[in-house]
Amino acid sequence: MILKGAVPARTRGFGQTAPTYVVGFPGSHFRRSFAGATLSFPRSCSREAAISIDAASDLSRALVAAEKARVRKLALSRRDGLSEAVRAEGSAAISGAVLALDLAASAAVSAFLPILSEVDLSEAIAALDGRGHPVGLPVMVEAGLVFRRYRPGEPLAPLGFGTRGPGPEAPEILPDALLMPLSAFDRQGGRAGYGRGFYDRAVAGLRAMGRFPRLIGIAFSVQEVAAVPMEPHDAPLDMIVTERDVFRFAR
């Protein structure tokens, strides 16, 4: 698991200070939720009223989905607009900030290899492996998302969705910290993925096993939006690392 630690005074690549922001929550993070509330009503409530409540719930879920799609499209268009040189410089700065986190000795870390215009964590992966941290890459299997051990230089197999990862012979790890890709984020720890819910289900599965890994979103600063609509199944982030800032969320 991750211990709270220092953020580098200067990150690589952009030559600027990377401040840490600690954000407190006066109430539940579901204050930004639009769906999933539990409603109660008297036994005398009519069937027609119950149908109306169900219809309203369906509508709210549709509104959440539409807003998530909007912020996802907006953030990804910004990310795609970054030049290759800017992405490389930003990725180096993000890897430097990740390596400055105070990880427990031998803590297992899940990372990811970039697809399309994502952050490239190759430098961080190699350095974490060199420090003795088991690093896993996400792989979709029939049961859901698992994390297979990866050592730099080992062969990778195509896995679909444009991803590559270790084959079935690689051992699985249970991560103490997840470095999570995302499409959009906000300064309250909200994360929008790619709409398939793979990471949300993986986190829920780990928690059901009694494991509570630190959830660390990895993104370029241009992927920030004012607010990501959150639903009850969405796992809010503990931290977000960009090339400019490191945000920590008090929970």
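Here, each number is a calculation from the coordinates, and none is a lab measurement. Remember, predicted model here, so these are calculated numbers, not experimental data. Ideal geometry is used to build each Cβ from the backbone, glycine not excepted, and the neighbour counts take in all protein chains shown.
Things worth noting here:
- Checking every one of the trypsin sites (Lys or Arg not before Pro) in the stretch 94-177 against DSSP loop status and a limit of 16 other Cβ atoms within 10 Å picks out Arg131.
- The phi torsions of the stretch 162-177, fed into the Karplus equation with coefficients 6.51, -1.76 and 1.60 and a -60° offset, translate into couplings of x, 9, 10, x, x, x, x, 6, 6, x, 8, 10, 10, x, 8, 9 Hz, rounded to whole numbers, with Gly and Pro shown as x.
- Reduced Cα scattering model of the stretch 167-251, Debye log10 I(q)/I(0), q = 0.12, 0.17, 0.18, 0.25 Å⁻¹: -0.36, -0.70, -0.77, -1.33
- Residue order, fewest to most beta carbons within 10 Å, for Leu59, Leu74: Leu59, Leu74
- Summing Lys and Arg as +1 and Asp and Glu as -1 over all other residues whose Cβ lies under 13 Å from the Cβ of Tyr150 gives a net charge of 0.
- Which of Glu169, Glu224, Glu142 has the fewest Cβ neighbours within 10 Å, and the rest in rising order: Glu142, Glu169, Glu224
- 3J(HN,Hα) couplings calculated from phi for the stretch 227-241 with the Karplus curve 6.51 cos²θ - 1.76 cosθ + 1.60 (θ = phi - 60°) are, in sequence order, 7, 9, x, 10, 10, x, 7, 6, 8, x, 7, 8, 7, 10, 10 Hz; Gly and Pro show x.
- In terms of other Cβ atoms within 10 Å, Phe112, Phe212 run from fewest to most in the order Phe212, Phe112.
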